[in-house]
Amino acid sequence: MTDPDAPAGSGRNETREEQLDRNWMELIQELRVLQTGVQILAGFLLTLPFQQRFETLDDFQVTLYLVNVALAALTTAFILLPVSVHRRLFRKRLKATLVASADNITKIALGGVAALSVGTAALVFDVTAGRTVGLIAGGVLLAVLAILLAYVPVHLHRRAKKEGG
């Protein structure tokens, strides 16, 4: 049975429940990718205080480091949140709510990963090459990530709509 709400010509022959199950599994796969990236960055950040050079950081660098640690923890929480929501909504026939909320949560987690990447790069460049280079590196990475994570998907969506997709 096909989903009566599916767009015409979607190419899928699935029920609404099958579509929600597929969407849920795709979101979980995306969260796994995000989780790995955050774990790598968080692991890197956790080793820094145990390095001799850490004691030479100035106030700005220590603050940036602590902001990055907080971002890593919060982003991890957002990556785990869909699993927690799933546990609470499991077998309550709320898959549409689960998928919609997990989609929004994943977008927030993507923003957290982007912010964490920018902050970590800025810190590393600041410590190794100086404040100006650190700020430039952070700014450039922020611009690149804004283009990749925000502009490109919007552009592709507009182009697909224009082409009738």
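The values are calculated or read from the model by the stated rules, or taken from the named source; none is laboratory data. These numbers were taken from a predicted model, which means no experiment stands behind them. Ideal geometry is used to build each Cβ from the backbone, glycine not excepted, and the neighbour counts take in all protein chains shown. When the accessible area is computed, the model is the full protein with side chains, heavy atoms only, and any ligands, DNA or RNA have been set aside. Shrake-Rupley method; radii C 1.70, N 1.55, O 1.52, S 1.80 Å.
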Of the listed residues (Arg53, Arg87), the one being of a type in the set (Lys, Arg) and over 21 Å from Thr132 (Cα atoms) is Arg87
Would you confirm whether or not the stretch 120-136 contains a residue that is in contact with a Lys or Arg (Cβ under 8 Å, 6 or more places away or on another chain), of a type outside the set (Asp, Glu) and touching a residue at least 24 places away in the same chain (Cβ under 8 Å)?
yes
For Thr132, the lone unmet condition from (1) at pLDDT 95 or above; (2) surrounded by 11 or more Cβ atoms within 10 Å (Cβ to Cβ); (3) not aliphatic (A, V, I, L, M) is (2)
Suppose we keep only residues that are open to solvent by 50 Å² or more (accessible area, probe 1.4 Å) and touching a residue at least 60 places away in the same chain (Cβ under 8 Å) within the stretch 30-86. Which one would you say is nearest to Leu98 (Cα to Cα)?
Glu30
